[in-house]
1. Given the residues Ala181, Ala150, which is the only one that is buried (at least 16 other Cβ atoms within 10 Å of the Cβ), of a type in the set (A, V, I, L, M) and out of contact with any strand residue (DSSP E or B) (no Cβ under 8 Å at 6 or more places or on another chain)?
2. If you go through region 164-181 one residue at a time, how many are touching a residue at least 60 places away in the same chain (Cβ under 8 Å) and assigned to a loop (DSSP other than H, G, I, E, B)?
3. Among Arg165, Arg111, which is of a type outside the set (A, V, I, L, M), in contact with a Pro (Cβ under 6 Å, 6 or more places away or on another chain) and farther than 18 Å from His15 by Cβ?
4. Any idea which residue in region 157-183 is modelled with the lowest pLDDT, counting only those that are in contact with a Lys or Arg (Cβ under 8 Å, 6 or more places away or on another chain) and aliphatic (A, V, I, L, M)?
5. Scan region 23-30 and tell me whether some residue there is out of contact with any Asp or Glu (no Cβ under 8 Å at 6 or more places or on another chain) and without any contact (Cβ under 8 Å) to a residue 24 or more places away in the chain.
6. Which residues, counting only those in region 29-42, are closer than 17 Å to Gly11 by Cα and of a type outside the set (D, E, K, R)?
7. Given the criterion under 19 Å from the mean Cα position of the chain (by Cα) and not in a loop (DSSP other than H, G, I, E, B), identify the matching residue among Leu101, Leu116.
8. All but one of (1) surrounded by fewer than 24 Cβ atoms within 10 Å (Cβ to Cβ); (2) hydrophobic (A, V, I, L, M, F, W, C); (3) under 14 Å from the mean Cα position of the chain (by Cα) hold for Ile4; state the number of the condition that does not hold.
Amino acid sequence: MKLIVFGATGGVGQHFVRMALEAGHEVSAFVRTPEKLQTKEGVHIIQGDAFDTVAVANAIAGHDAVISCLGSSSGMKKSNELEKMGKNIADGMEAASVNRLVYCASAGVDREIPGLMGKVVMKLLANPLKDHRAAIDYYKTKKSIIYTIARPMGLKDDPLVTDYRESFDSIPPKASSIPRASVAHFMVKALSDAKYENASVGITK
């Protein structure tokens, strides 16, 4: 499968690029700063800015699926960066008739974390979660897009584990955190498994 990865130089994106190559996919990385990409051999590098509508649309053409590991540069502050980049990608997918999307969001994006701790976490992450939701909602307006939304718990740079737990309607029991490598592993897996199509999946170690 020919994949184009947005956010390829981020924590999850770096792992995804490497794992997707190992799984036999053809990988393009759309990056603003190519020198930050750790895995370059076998990768088609496209230098560009995800806020550039034309550049994004041109880059998506000819691929089979889009992977978004994008994050906001604003941290916990109010931002619509993810929404803007998401709209560019969604419109580019529609124009190029590219239908498959795997998107890395965050636990809480579906307002699914229960209990008092859930309320605290979702309040703390209110701004980035709102931005993720706006992007996801726009993707869903494109009826041709088949999406998988990954909802990882707290991200860590621990070694890969592949026996992570999943939940389609909430968060897995006793959820705590998950290695970034495991999130990438899930995203590669989701590409080729129909049960993850048009689904939002909570994942935790």
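The values are calculated or read from the model by the stated rules, or taken from the named source; none is laboratory data. Note that the structure is a prediction, hence the values are computed from the model and not measured. Cβ placement follows ideal geometry from the backbone for every residue including glycine, while neighbour counts extend to all protein chains displayed.
1. Going through Ala181, Ala150 in turn, just one is buried (at least 16 other Cβ atoms within 10 Å of the Cβ), of a type in the set (A, V, I, L, M) and out of contact with any strand residue (DSSP E or B) (no Cβ under 8 Å at 6 or more places or on another chain): Ala181.
2. Looking only at that region, the number is 2.
3. Sole residue among the options that is of a type outside the set (A, V, I, L, M), in contact with a Pro (Cβ under 6 Å, 6 or more places away or on another chain) and farther than 18 Å from His15 by Cβ: Arg165.
4. It comes out as Ala175.
5. yes
6. Residues satisfying the conditions are Ala29, Phe30, Val31, Thr33, Pro34, Leu37, Gln38, Thr39.
7. Just a single option satisfies the conditions, and that option is Leu101.
8. Exception for Ile4: condition (1).
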